[in-house]
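In what follows, a structure is listed as structure tokens, so that the remarks can point back to it.
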Amino acid sequence: MAIRKTSDCNGCPECIGCSLGKYRNAVFCDECGQEIDETVYLVSGEHLCEECALDTIASISVEELTDDPE
């Protein structure tokens, strides 16, 4: 899991002291590198965002399992 210090600073030409430059701990997806805001999914030892987790896990719809062949 990638936990690192980051800030939300936009790099304004002249700093106005808005506090976006304060550093905070953040978690980043092991697959895509994007910051994870809410839930971290543990898949095969990797810490993934929801989108990467869904791309990794095989799925099938309920309808495919329950439809009777005609």
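Loop-located chymotrypsin sites (Phe, Trp or Tyr not before Pro) across the chain with a Cβ neighbour count of 13 or fewer within 10 Å are Y23, with loop assigned by DSSP. For a quick check of your reading of the filter: which trypsin sites (Lys or Arg not before Pro) in the chain sit in a DSSP loop and have no more than 11 other Cβ atoms within 10 Å? Counting only loop positions with at most 11 other Cβ atoms within 10 Å, the trypsin sites (Lys or Arg not before Pro) in the chain are K22. Computed extension length for L65-S19: 11.3 nm, one decimal, from 0.36 nm per residue of separation with the Cα-Cα distance subtracted. Only DSSP H runs of four or more residues enter the estimate; each adds -39500 (n - 2.57), and after division by the residues of the chain the mean residue ellipticity at 222 nm equals -4000 deg cm²/dmol. Based on protein heavy atoms only, segment 21-66 ends up with 79 Å² per residue of surface accessible to a 1.4 Å probe. Carbon-plus-sulfur accessible fraction, the chain (probe radius 1.4 Å, protein heavy atoms only): 49%.
Of the residues C49, A26, S59, the one whose Cα sits farthest towards the positive end of the charge dipole of the chain is A26 (charges of +1 on Lys and Arg Cβ, -1 on Asp and Glu Cβ, taken about the Cα centre). Annotation for S44 and T6: the two label points, set 7 Å from Cα along the Cα-Cβ direction, are 2.4 nm apart.
The values are calculated or read from the model by the stated rules, or taken from the named source; none is laboratory data. Values in this document were obtained by computation on a predicted structure and should not be read as measured data. A quick note on method: Cβ atoms are made from the backbone with ideal geometry, for glycine too, and the neighbour counts reach across all protein chains shown. We work out accessible area using only protein heavy atoms, side chains counted, and drop any ligands, DNA or RNA first. Shrake-Rupley method; radii C 1.70, N 1.55, O 1.52, S 1.80 Å.
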